[in-house]
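This is the structure, below, for whatever I ask next.
Quick note: the coordinates plus some simple rules give every number you see, no bench work behind them. Because the structure is a prediction, the values reported are computed rather than measured. Cβ: placed from backbone, ideal geometry, glycine included. Neighbour counts: every protein chain shown.
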Amino acid sequence: MRKQHRERQTDMKTKSSRNKTIDFPLEEAAPYLDRCVRGDVGPFGELRDKTILGDAFEVLERLPDRSVDLVIADPYYNLSKSFHGNASRKQDFGQYAAYTERWVGKVARKLKPDGSIYVCCDWKSSGAVEQVLQRHFIVRNRITWQREKGRGAGANWKNAMEDIWFATCSETYTFNLDAVKIRRRVHAPYRLGGKPRDWEQTQQGRYRDTCPSNFWDDISVPYWSMAENTAHPTQKPEKLIAKLILASSRAGDIVLDPFLGSGTTSVVARKLGRSYIGIEQNPLYCAWAEYRLEKALGDTTIQGYTDGRFWERNSCAEQLRIKKEGARPAPAGKPAKPRPKDEDNE
Ligand SMILES: C[S@@+](CC[C@H](N)C(=O)[O-])C[C@H]1O[C@@H](n2cnc3c(N)ncnc32)[C@H](O)[C@@H]1O
């Protein structure tokens, strides 16, 4: 009864003109689906920069071994959830670990010896994911993403975190630290011999590029007014995927996502000059991915990543201003006049 009421309410709602959510139906998907490789028919041709419609467990068997540089995997978490016609089912720890072992084992063979892998999960599935990764890789870190969004629990702490495990095939791997530093406003500008220490005075203010930690609180979940947003129920933010790709691959490298969803990994790979292979079992999601890939040909912007730098959360207006004005250093001997906000922050 309650559900019927909710559905009626949704039907009655008219979409705001600012709502950019990509959610066209399967009946309109044909032009985009035509660009996908069918995972269940014939031999594969060139797979670079392709979306493969099919079951990852079967498709992975047919990809060449040692062919990709980076894997970004965002599989079903161990939850009962509906995905436009498919559904994930909650399992016990052992069953979820066995499921994880089945795909991680396949993916491990596809990575080059200097390759890396990131696996997304929540706190409940994290233990199983770590256990399996330890068997196949050198586990290097666990990133915690504070995504904030989430329903409050009646008699528990609200779950507002996700984990992203980082592992490599060997001791030789790519890690581009400078590419993923975060640009922050400096609140306590320290000078040595009258010169800024570890920070930069620009005409727009004082900034420092800080080393990123394994706690990420600068990334919002995509929402309706963002151009990247789709109706996929568990879409990852482009900014989050951009950090993984920039840190752990070089221009031209191949990034594989075996659970592509709405296409975020492939879209970001394209925007950042990498190649991609994405596998997704749901035709609707494949079509949305191809739609986004088409848009990415003309628009390579990634919200929260401006001027080749990552920015703190809620700094959109500041980024826009800097993009317009250009982040020029202040003329020598003439420090920029701080805006009132700078003073407030110190
Ligand atoms: C958590 S979502 C990934 C979301 C994605 N990161 C994004 O930004 O949209 C997992 C996706 O994996 C797909 N999937 C699950 N099992 C699969 C399988 N065996 N083969 C291919 N795709 C699968 C689901 O349809 C779902 O879209």
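For a quick check of your reading of the filter: which trypsin sites (Lys or Arg not before Pro) in segment 264-310 sit in a DSSP loop and have no more than 10 other Cβ atoms within 10 Å?
Numbers: sites: R270, K271, R274, R292, K295, R309; in loops: R274.
Hits after loop and neighbour filter: nothing returned.
Of H232, H84, H187, how do they rank once you tally other Cβ atoms within 10 Å and put the fewest first?
Details: H232 24, H84 16, H187 11.
Result, fewest neighbours first: H187, H84, H232.
Label point 7 Å out from R135 along Cα-to-Cβ: which residues of segment 76-117 have amide N under 19 Å?
Label zone hits: 76-78, 91-111, 117.
Let me ask something additional. By average Cβ neighbour count within 10 Å, what is the ranking of 44-50, 224-230 from highest down? Mind dumping the intermediate values first?
Working: 44-50: 14.1, 224-230: 17.0.
Descending packing order for the listed peptides: 224-230, 44-50.
With everything on Cα atoms, drop me the angle between helix 316-325 and the longest principal axis of the chain, reported from 0 to 90° to the nearest 10.
That helix lies at roughly 60 degrees to the long axis.
With +1 on the Cβ of every Lys and Arg and -1 on the Cβ of every Asp and Glu, and nothing else charged, how large is the dipole of segment 121-216 about its Cα centre, in debye rounded to the nearest 20?
Roughly 480 debye, rounded to the nearest 20.
Label segment 38-135 by shape, choosing from rounded, prolate and oblate, from the square roots a ≥ b ≥ c of the eigenvalues of the Cα gyration tensor; if a/c is under 1.5 it is rounded, and otherwise prolate applies when a/b is larger than b/c, oblate when it is not.
In terms of gyration-tensor shape, oblate.
List the aspartates and glutamates whose alpha-carbon lies under 20 Å from that of K195, not counting same-chain residues fewer than 8 positions away?
Reachable aspartates and glutamates: D209, D342, E343, E346.
Give the aspartates and glutamates whose C-alpha is closer than 15 Å to that of K110, dropping any in the same chain fewer than 8 places away, or say none.
Within reach: E58, E61, D65, D69, E101, D253, D257.
For the chain, just say rounded, prolate or oblate: build the C-alpha gyration tensor, square-root its eigenvalues into a ≥ b ≥ c, call rounded for a/c under 1.5, and beyond that prolate if a/b exceeds b/c, oblate if not.
The shape class here is prolate.
Where does each of I245, I138, I302 land when they are ranked from fewest to most other beta-carbon atoms within 10 angstrom?
Listing I245, I138, I302 from fewest to most nearby Cβ atoms yields I138, I302, I245.
Cα-Cα over 29 Å: which of K15/K181; K50/K149; K90/K181; K50/K158; K181/K236; K50/K90? Write out the running numbers ahead of the final one.
Details: K15/K181 37 Å; K50/K149 32 Å; K90/K181 37 Å; K50/K158 38 Å; K181/K236 20 Å; K50/K90 31 Å.
Table pairs above 29 Å Cα-Cα are K15/K181; K50/K149; K90/K181; K50/K158; K50/K90.
Treat every Asp and Glu Cβ in segment 27-150 as -1 and every Lys and Arg Cβ as +1, leave all other atoms uncharged, and give the resulting dipole magnitude about the Cα centre to the nearest 20 debye.
420
Using 0.36 nm times the number of residues separating K15 and D40, minus their current alpha carbon distance, what extension gain do you get?
5.3 nm
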